[in-house]
């Protein structure tokens, strides 16, 4: 979805950091978790963890633009759509030029549904299912499967204030 809010200044740094997605295997040493700044999100689950730099879109106008007209996105980046009230969600790929994975998230940060490899420019509605949700994280298409991110994994970000260790990051 959309584009306007995606911070193009971060592209250069993101390309350099693309290899450093921050995936930690299950055997990785435990490190203390620090609070996430608003432009960072961390997904944890049985696969380990993955950290992303995110652009947060939390207004009607910024959510409408989303990732429209963006020709590429660094591997370790994403766009986090945040809604104030839990609701059923549906997205589309109008004017979106890159393939995306859409991670549909509830108010506690739990990933409830993943739509893999949404097709660029496709206007077919992409539903988050029948559950009430408060966020969607869009990342590069195919990345969720590649990293092992699945339904039930937890997204840590300050938007999910009810989380234990609120919005912790490495």
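The values are calculated or read from the model by the stated rules, or taken from the named source; none is laboratory data. Keep in mind that this is a model prediction, so the values were computed, not measured. Methodologically, a virtual Cβ is constructed for each residue, glycine included, from the backbone with ideal geometry; neighbour enumeration extends over all protein chains shown.
Can you find a residue that is within 19 Å of residue 48 (Cα to Cα), out of contact with any helix residue (DSSP H, G or I) (no Cβ under 7 Å at 6 or more places or on another chain) and in contact (Cβ under 8 Å) with a residue 12 or more places away in the chain anywhere in the range 112-135? Yes, the range 112-135 contains a residue that is within 19 Å of residue 48 (Cα to Cα), out of contact with any helix residue (DSSP H, G or I) (no Cβ under 7 Å at 6 or more places or on another chain) and in contact (Cβ under 8 Å) with a residue 12 or more places away in the chain. Evaluating residue 67 against the criteria (1) surrounded by fewer than 22 Cβ atoms within 10 Å (Cβ to Cβ); (2) farther than 16 Å from residue 36 by Cα leaves one unmet condition, (1). For residue 153, the conditions (1) touching a strand residue (DSSP E or B) at 6+ places or on another chain (Cβ under 7 Å); (2) modelled with pLDDT under 95; (3) buried (at least 22 other Cβ atoms within 10 Å of the Cβ) are fulfilled apart from (2).
Among the residues of the range 116-141, write down those that are outside any strand (DSSP E or B) and either under 13 Å from the mean Cα position of the chain (by Cα) or buried (at least 20 other Cβ atoms within 10 Å of the Cβ) (or both). Result: 128, 141. The condition of being part of a loop (DSSP other than H, G, I, E, B), modelled with pLDDT of 95 or more and in contact with a helix residue (DSSP H, G or I) (Cβ under 7 Å, 6 or more places away or on another chain) holds for residue 74.
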